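Shown next, in structure tokens, is the structure this report addresses.
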Amino acid sequence: MQTGPEQHDGEQLNLAQTLRRLRDATRLTGETVAARSGMSQAKLSKIETGRVHPSTLDVERILTALGTPRDIAHEVIALARVANTEYQALRAALRKGLEKKQRELAALEASASELRYFLPVMITGLLNTPEYAAATMSRVPGDHSRMLARKLERQSVLYDTGKTFFFLLSEAALRWSLVPPAAMAVQIDRVTSVSKLPNVHVEIIPFSTHVGGGPLNTFTVYDDRLATAEVFGGAMVMRDPKDVTYHLELFHFFRAHALRDDAARAFLDTMAQEYRGR
């Protein structure tokens, strides 16, 4: 498992050098391998020098073109999967400043057209009220003012109608009282309000629904190219197409059990009234 960006870069370089060594051993030219792999010679050259990070599919195509023995190919593909997965530790993010993390998230959101958020235990930042957003940072050391400002600024991306957002929440995420009841009611109202945007879909999985699979963690899928999964100690960033596809399949599995559109808004309205009645 990756321990940080430096090790991740090292794994990418190791993969690049391994592919180059395997090609050199066959005495095949870059043009020949590129043609057999169905990619340009320029792309192959960038992969072999570490300037382009190949997907596992790219690596499989190169290994097939090289006629690499099966046992060696399995080892290289395993290396490719590791090189396409990065662990971003929370401790490292704290050292660099969490404001930078907000900028990185904003860049991901800006670059994607379809964004899918699976939210089993908390309401994500794009849907937060200022009070709820501040509460999510309460256990993080340091001055939160700039980070909070950046987090709230990110919400403007919701109004970009060139993007489509899917927020899939469990009832547990809505019932986790991160702020006092009156503030939770306002937070639920915020979720309802955002759900009325034409490019935003907010969907709810109630406790009463039989799902047949447990929600292990929060995850986000950006188009079909990248998935992130959050844990207490940090986040996994996965670029391997197989990992991304797996998380898309998970999302669609859980989504099949969710309330949508007016039914979801009715559920949210009922919950907001419950909070106001406390």
Set the Förster distance to 35 Å, then compute FRET efficiency between ASP269 and ALA93 from the Cβ-Cβ distance, nearest 0.05.
0.45
What does the helix-only formula give at 222 nm for the chain: each DSSP H stretch with n ≥ 4 adding -39500 (n - 2.57), the total divided by the residues, and the result rounded to the nearest 500 deg cm²/dmol?
-16500 deg cm²/dmol
Pairing the Cα long axis of helix 241-255 with the longest principal axis of the chain, what angle in degrees results, from 0 to 90 and rounded to the nearest 10?
20
For the residue pair SER45 and GLU75, what label-to-label distance in nm results when each label sits 7 Å from Cα along the Cα-to-beta-carbon direction?
3.0
With angles folded into 0 to 90 degrees, how steeply does helix 70-83 sit against the dominant principal axis of the chain? Use alpha carbons for both and round to 10.
40
Can you give me the distance in nm between label points at LEU28 and ARG175, each placed 7 Å from the Cα along the Cα-to-Cβ direction?
5.7
Sort 42-55, 265-278 for me by packing, meaning the mean count of neighbouring Cβ atoms within 10 Å per residue, highest on top.
42-55, 265-278
Using a 1.4 angstrom probe with every protein chain in place, what is the largest-first accessible-area order of LEU248, LEU90?
LEU90, LEU248
Run down the lysines and flag those whose C-alpha is under 24 Å from the C-alpha of LYS163, throwing out any fewer than 8 positions away in its chain.
LYS100, LYS101, LYS151, LYS196, LYS242
With axes computed from alpha carbons, what is the tilt in degrees of helix 5-26 against the longest principal axis of the chain, rounded to the nearest 10 within 0 to 90?
30
Hey, got a sec? Which trypsin sites (Lys or Arg not before Pro) in region 129-192 land in a DSSP loop and have at most 15 other Cβ atoms within 10 Å?
ARG139
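The values are calculated or read from the model by the stated rules, or taken from the named source; none is laboratory data. Given the structure is predicted, the values throughout are model-derived calculations rather than measurements. Reconstructed Cβ throughout: ideal geometry from the backbone, glycine too, with neighbour counts over all protein chains shown. Ligands, DNA and RNA are excluded from the accessible area calculation, which covers all protein heavy atoms including side chains. Shrake-Rupley method; radii C 1.70, N 1.55, O 1.52, S 1.80 Å.
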